[in-house]
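A short worksheet on the structure shown next.
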Amino acid sequence: MQVTDAQDLVTYDVVVVGGGAAGLGGALMLGRSRRSVLVVDAGEPRNAPASGVHGFLTRDGTDPAALLEVGRAEVRGYGVRVLDGRVASAESVDDGFAITLEDGRRVGARRLLVATGLVDELPDVPGVRERWGRDVLHCPYCHGWEVRDQPIGVLASGPRAAHQALLFRQWSADVTLFLHTGPRPTEEEAEGLAARGIAVVEGEVASLEVVGDRLAGVRMGGGEVVARRAVAVMPRFVARAKMLAGLGLETTVHPLGVGEHVEADASGLTAMPGVWVAGNVADLIVQVVGAAEAGVRAGAAINADLVAEDTDRAVTAYRARREARSAGRR
């Protein structure tokens, strides 16, 4: 790292915003590439309520907090600095970016990797947010095994509810779709639901019933309770990208219509030169193992970009020295 006199900032090769799987994956690759790296993490991982990370080969069922602690230790072993804090804004300056934290601290970066994840916008039904990540779920691949063979409800709030119900049918023969505020199934969807034995309940859901810190059922607007042990919802996913506004980067509608993300190429490079994104901020439906891989891929791309810049600078200096020697001989 270096101190930039004009800005009086400590400048790193890369500042990574967000210390989840994607951010730490990028930091790991960059640290191994002998880059000076700062990870700024607010300590609010999306999967904090979950009992375990799933679908991550060799780490299936690992406590999310424990996984991050191991990741932090690994990147620190390569000289990466991890700072607890929240980035408020970033702006483009000569030779890179100036990053301001909410507490007023400022650092510089030649490149920026944003891995801030997303926010789940949940249905406004009492009990949903309180049980989120426990027995209120959204991803069958993340949590289906843990609720297998239990009575599962699917709370519709958008057009993909029938699809979600059919997916959860793989894990349980007792699945009920609560239409709530979602659209009625199409004729084709209704036929598929009926063929798989999935019940459809019309009317809005009033709340979730909890007994002894365990989901017991779904209470309808009329007062009746349908016994359920787990409820699946489809949140609207919104990338955490406010800190990118100063760089002219905004979220756009995801191609699948599931929320808003930051567009980037396959390496994570955004429309703003020098700024990469990785993980859920770019890919709203990627799981933890995929987020880690996206971070690694972005880290490698960032290092390659810095190598190119370092080489250009070295060539310029080399030519200047050569010309100076040539002039001295004349």
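Checked against (1) at positive phi; (2) modelled with pLDDT under 95, residue 79 passes all but condition (2). A residue that is out of contact with any helix residue (DSSP H, G or I) (no Cβ under 7 Å at 6 or more places or on another chain), among the aromatic types (Phe, Trp, Tyr), over 21 Å from residue 52 (Cα atoms) and surrounded by 15 or more Cβ atoms within 10 Å (Cβ to Cβ) occurs somewhere in the range 93-112. Scanning the range 220-257 for residues that are open to solvent by 40 Å² or more (accessible area, probe 1.4 Å), touching a His at 6+ places or on another chain (Cβ under 7 Å) and modelled with pLDDT under 95 returns a single hit, 234.
Taken together, 166, 179, 193 contain a single residue that is within 20 Å of residue 143 (Cβ to Cβ) and either modelled with pLDDT under 95 or out of contact with any His (no Cβ under 6 Å at 6 or more places or on another chain) (or both), which is 166. Quick one: would you say residue 217 is open to solvent by less than 40 Å² (accessible area, probe 1.4 Å) and farther than 24 Å from residue 143 by Cβ? Against the criterion (open to solvent by less than 40 Å² (accessible area, probe 1.4 Å) and farther than 24 Å from residue 143 by Cβ), residue 217 does not qualify. Of all residues in the range 28-66, those satisfying the criterion of being in a helix (DSSP H, G or I) and out of contact with any Phe, Trp or Tyr (no Cβ under 8 Å at 6 or more places or on another chain) are 29, 30, 64, 65, 66. Residue 95 meets all of the listed conditions (1) touching a Ser or Thr at 6+ places or on another chain (Cβ under 8 Å); (2) more than 13 Å from residue 39 (Cβ to Cβ); (3) at pLDDT 95 or above but one, namely (3).
Residues of the range 184-204 that are open to solvent by less than 70 Å² (accessible area, probe 1.4 Å) and not hydrophobic (A, V, I, L, M, F, W, C): 185, 189, 192, 197, 203.
Can residue 89 be described as over 22 Å from residue 68 (Cβ atoms), over 17 Å from the mean Cα position of the chain (by Cα) and not in a strand (DSSP E or B)? Here the answer is no, as residue 89 does not meet what is asked. Figure legend. Inter-residue proximity from the range 69-82: first residues without any contact (Cβ under 8 Å) to a residue 40 or more places away in the chain, second residues hydrophobic (A, V, I, L, M, F, W, C), beta-carbon distance below 7 Å, spacing 6+ or different chains. Indicated pairs: 76/82. Of all residue pairs spaced 6 or more apart or on separate chains, those with beta-carbon atoms under 8 Å, a first member in the range 184-211 that is within 18 Å of residue 125 (Cβ to Cβ) and a second member that is among the charged types (D, E, K, R) and open to solvent by less than 50 Å² (accessible area, probe 1.4 Å) are 208/131; 210/131.
Would you check which residues across the range 273-295 are over 14 Å from the mean Cα position of the chain (by Cα) and surrounded by 18 or more Cβ atoms within 10 Å (Cβ to Cβ) and list them?
Taking the range 273-295 and keeping what is over 14 Å from the mean Cα position of the chain (by Cα), we get 273-275.
Selection gives 274, 275.
Residues of the range 117-172 being without any contact (Cβ under 8 Å) to a residue 60 or more places away in the chain, in contact with a strand residue (DSSP E or B) (Cβ under 7 Å, 6 or more places away or on another chain) and open to solvent by 10 Å² or more (accessible area, probe 1.4 Å), which ones? Selection gives 169 alone.
Right, residue 290: assigned to a helix (DSSP H, G or I), out of contact with any Asp or Glu (no Cβ under 9 Å at 6 or more places or on another chain) and of a type outside the set (A, V, I, L, M, F, W, C) or not? It is false that residue 290 is assigned to a helix (DSSP H, G or I), out of contact with any Asp or Glu (no Cβ under 9 Å at 6 or more places or on another chain) and of a type outside the set (A, V, I, L, M, F, W, C).
Table: residues versus (1) of a type in the set (A, V, I, L, M, F, W, C); (2) at pLDDT below 95; (3) open to solvent by 30 Å² or more (accessible area, probe 1.4 Å); (4) within 18 Å of residue 116 (Cα to Cα).
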| position | (1), (2), (3), (4) |
| --- | --- |
| 12 | no, no, no, no |
| 17 | yes, no, no, yes |
| 28 | yes, no, yes, yes |
| 34 | no, no, yes, no |
| 45 | no, yes, yes, yes |
| 51 | no, yes, yes, no |
| 55 | no, yes, yes, no |
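The values are calculated or read from the model by the stated rules, or taken from the named source; none is laboratory data. Computed from a prediction, not measured in an experiment: that's the story for all the values here. Please note: Cβ atoms are built from the backbone with ideal geometry, for glycine as well, and neighbour counts cover all protein chains shown. These area figures cover heavy atoms from the full protein model, side chains too; ligands, DNA and RNA do not enter into them. Shrake-Rupley method; radii C 1.70, N 1.55, O 1.52, S 1.80 Å.
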